[in-house]
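Undergrad: Once you've had a glance at the structure underneath, I'll fire off some questions.
The values are calculated or read from the model by the stated rules, or taken from the named source; none is laboratory data. As the structure is a computational prediction, the values presented were derived from the model and not from experiment. Cβ: placed from backbone, ideal geometry, glycine included. Neighbour counts: every protein chain shown. Calculation scope for accessible area: heavy atoms of the full protein, side chains included, ligands and nucleic acids excluded. Shrake-Rupley method; radii C 1.70, N 1.55, O 1.52, S 1.80 Å.
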Amino acid sequence: MVLPAHAYSGRVFSGMQPSGNLTLGNYLGAMVNWVRMQDDYECIYCVVDMHAITMWQDPATLKASTREVAAAYIACGIDPTKSILFNQSQVAEHAQLGWIFNCVARLGWLDRMTQFKDKAGKEKERASVGLYDYPVLMAADILLYRATHVPVGDDQKQHLELARDIAAKFNNDFKAEIAAAGHSSGIFFPQPEPVITGPATRVMSLRDGTKKMSKSDASDMSRINLTDDADTIATKIRKAKTDPEALPSEVAGLSTRPEADNLVGIFAALSGKTKDAVLSEFGGATFSTFKPALADLCVAKLAPIGDAMRRLVADPAEMDRILANGAERARRLATPIYRETKDIVGFVGG
Ligand code: TYM
């Protein structure tokens, strides 16, 4: 059962794409905060399958990945009887509000999105229109529920700014209708707050400390997947790129050492400490001491998550039931907001 919204300090919405293995970056950059926020906020956690198809996805694999990502949410500590857990395509209003927002957002705003440039690369003409439009659908995801807080990794900052711009422009474009509908504050869509916090808001590749850890990197050694077994995790940490120096005693000493900085950040996030605290323990130690400690910590935290994921995906019918139940609860929140949006815009009918 979902507690009434007034029992919470706000409404959270966030999502992950089922476009490959979830990584330690997804876990530390977003999921850890999702789990933490469950007690204080009404939380809606979505598997964004419609975002995933902005790049080609094999249909059978997409289905399996959708269930696997939902399983990862639960394995990491999302309680589907409390938070709403569903896949985006089951709630049609995401696409419908996305269309209205297509007509609010400006081309110039989307032209500035760096993630599109990174993902489309040199072959911009061959990228899907959906990939370009991706941030508009993301704004619809959030604003369809009038979410107030969005816990994400650092790479989503620009997309959230766009969602805020869309909310502001909508409120301004339809000022008169919003007032006539009884919203005396003039605010129909609130400005969603990004929640980008913790010592690992940007986890970097294990092979190159200047590149983000990503499920789409060609090298599996660049990332730790939530489904990696203990041996694989330990091997990846052991082989992670580093420099020959010992660890510094203070954070300032990491500023020109991206790989060392990344590993210290991962250790801090996994142990719930600050980077300072990690360096006061390991300052002066070489990587031959630090890496085994980090590998043990990774295995201790991630191996149980991988095990729980495997147990959950072994019962796809149960995963589908959880997603359908979440979708129904999401729809109940979304329908009245979307209906009012249509009326404000000037669409006839319910
Ligand atoms: P996705 O699937 O690419 O990433 C999911 C979440 O993981 C975070 N993340 C990272 N954090 C730190 N270090 C990394 N290396 C790293 N890699 C990924 C991302 O910042 C993200 O929080 N566009 C979203 C999905 C989405 C969404 C939304 C999010 C669709 N609609 C509405 C919030 C609200 C994305 O990046 O997915």
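Undergrad: Residues being within 11 Å of the ligand (Cβ to nearest atom) and either under 23 Å from Arg164 (Cα atoms) or free of Cβ contacts under 8 Å to residues at least 40 places away in the same chain (or both): count how many of those fall in the range 191-204.
TA: Total meeting the criteria: 7.
Undergrad: Could we say that Val152 is within 9 Å of the ligand (Cβ to nearest atom) and β-branched (Val, Ile, Thr) here?
TA: On the way: within 9 Å of the ligand (Cβ to nearest atom): yes; β-branched (Val, Ile, Thr): yes.
Considered against the rule, which asks whether it is within 9 Å of the ligand (Cβ to nearest atom) and β-branched (Val, Ile, Thr), Val152 comes out as yes.
Undergrad: Continuing with the same structure: Is at least one residue of the range 178-193 under 22 Å from Ala269 (Cβ atoms) and either modelled with pLDDT under 95 or within 17 Å of the chain's Cα centre (by Cα) (or both)?
TA: Taking the range 178-193 as the starting set, the residues that turn out to be under 22 Å from Ala269 (Cβ atoms) are 193.
Checking the rest, the ones that are also either modelled with pLDDT under 95 or within 17 Å of the chain's Cα centre (by Cα) (or both) come to 193.
Taking every residue of the range 178-193 in turn, at least one turns out to be under 22 Å from Ala269 (Cβ atoms) and either modelled with pLDDT under 95 or within 17 Å of the chain's Cα centre (by Cα) (or both).
Undergrad: May I pose another question? Looking at the range 137-152, I want the residues that are within 14 Å of Glu340 (Cα to Cα) and have a partner that is more than 8 Å from the ligand (Cβ to nearest atom) and in a loop (DSSP other than H, G, I, E, B) with Cβ atoms under 7 Å, at least 6 apart or on another chain. Which pairs are those?
TA: Filtered contacts from the range 137-152: Leu143/Phe189; Arg146/Phe189; Arg146/Pro190.
Undergrad: Sticking with this one: Of the residues that make up the range 227-243, is at least one basic (Lys, Arg) and either open to solvent by less than 20 Å² (accessible area, probe 1.4 Å) or not in a helix (DSSP H, G or I) (or both)?
TA: Quick first cut of the range 227-243, residues basic (Lys, Arg) only: 236, 238-239, 241.
Cutting the leftovers down to either open to solvent by less than 20 Å² (accessible area, probe 1.4 Å) or not in a helix (DSSP H, G or I) (or both) gives us 236, 241.
Yes - at least one qualifying residue is present in the range 227-243.
Undergrad: A further question follows. Would you check which residues across the range 259-276 are open to solvent by less than 50 Å² (accessible area, probe 1.4 Å) and not charged (D, E, K, R) and list them?
TA: Ala260, Asn262, Leu263, Val264, Gly265, Ile266, Phe267, Ala268, Ala269, Leu270, Ser271 - these are the residues of the range 259-276 that are open to solvent by less than 50 Å² (accessible area, probe 1.4 Å) and not charged (D, E, K, R).
Undergrad: Follow-up. Looking at (1) under 30 Å from Leu85 (Cα atoms); (2) more than 14 Å from the ligand (Cβ to nearest atom); (3) open to solvent by 30 Å² or more (accessible area, probe 1.4 Å), which is the one condition that is false for Ser185?
TA: Of everything listed in (1) under 30 Å from Leu85 (Cα atoms); (2) more than 14 Å from the ligand (Cβ to nearest atom); (3) open to solvent by 30 Å² or more (accessible area, probe 1.4 Å), Ser185 misses just condition (1).
Undergrad: For the range 132-176, enumerate the residues that are within 22 Å of Gln38 (Cα to Cα), open to solvent by 30 Å² or more (accessible area, probe 1.4 Å) and assigned to a helix (DSSP H, G or I).
TA: Of everything in the range 132-176, those that are within 22 Å of Gln38 (Cα to Cα), open to solvent by 30 Å² or more (accessible area, probe 1.4 Å) and assigned to a helix (DSSP H, G or I) turn out to be Asp154, Lys157.
Undergrad: Any idea how many residues of the range 324-349 are surrounded by 14 or more Cβ atoms within 10 Å (Cβ to Cβ) and either modelled with pLDDT under 95 or touching a Pro at 6+ places or on another chain (Cβ under 9 Å) (or both)?
TA: Residues that pass the stated criteria total 2.
Undergrad: In the range 32-44, is there at least one residue being farther than 18 Å from Gly306 by Cβ, in contact with a Lys or Arg (Cβ under 6 Å, 6 or more places away or on another chain) and acidic (Asp, Glu)?
TA: yes
Undergrad: Okay, moving on. So how many residues does the range 100-116 have that are closer than 15 Å to Lys157 by Cα and not aliphatic (A, V, I, L, M)? Write out each step before concluding.
TA: Here is the first cut: in the range 100-116, the ones closer than 15 Å to Lys157 by Cα are 109-110, 112-116.
Checking the rest, the ones that are also not aliphatic (A, V, I, L, M) come to 109, 112, 114-116.
The total comes to 5.
Undergrad: Report whether or not Lys301 is open to solvent by 70 Å² or more (accessible area, probe 1.4 Å) and either within 23 Å of Ile44 (Cβ to Cβ) or at pLDDT 95 or above (or both).
TA: Details: open to solvent by 70 Å² or more (accessible area, probe 1.4 Å): yes; either within 23 Å of Ile44 (Cβ to Cβ) or at pLDDT 95 or above (or both): yes.
So Lys301 fits the description; yes.
Undergrad: Okay, moving on. Output the residues belonging to the range 158-182 that are more than 16 Å from the ligand (Cβ to nearest atom) and among the β-branched types (Val, Ile, Thr).
TA: Step one: of the range 158-182, the residues more than 16 Å from the ligand (Cβ to nearest atom) are 168-182.
Residue satisfying the conditions is Ile178 alone.
Undergrad: A further question on this structure: Going by the structure shown, is Tyr45 within 30 Å of Pro336 (Cβ to Cβ) and in contact with a Gly (Cβ under 6 Å, 6 or more places away or on another chain)? Outline the logic, then answer.
TA: Values: within 30 Å of Pro336 (Cβ to Cβ): yes; in contact with a Gly (Cβ under 6 Å, 6 or more places away or on another chain): no.
No, not satisfied.
Undergrad: Scan the helices (runs of 4 or more DSSP H) fully inside the range 259-350 and keep the ones with 3 or more residues being within 21 Å of Tyr73 (Cα to Cα) and of a type outside the set (Phe, Trp, Tyr).
TA: Numbers: elements: 275-282, 287-313, 316-345.
Where helices (runs of 4 or more DSSP H) fall fully within the range 259-350 and carry at least 3 residues being within 21 Å of Tyr73 (Cα to Cα) and of a type outside the set (Phe, Trp, Tyr), they are 287-313, 316-345.
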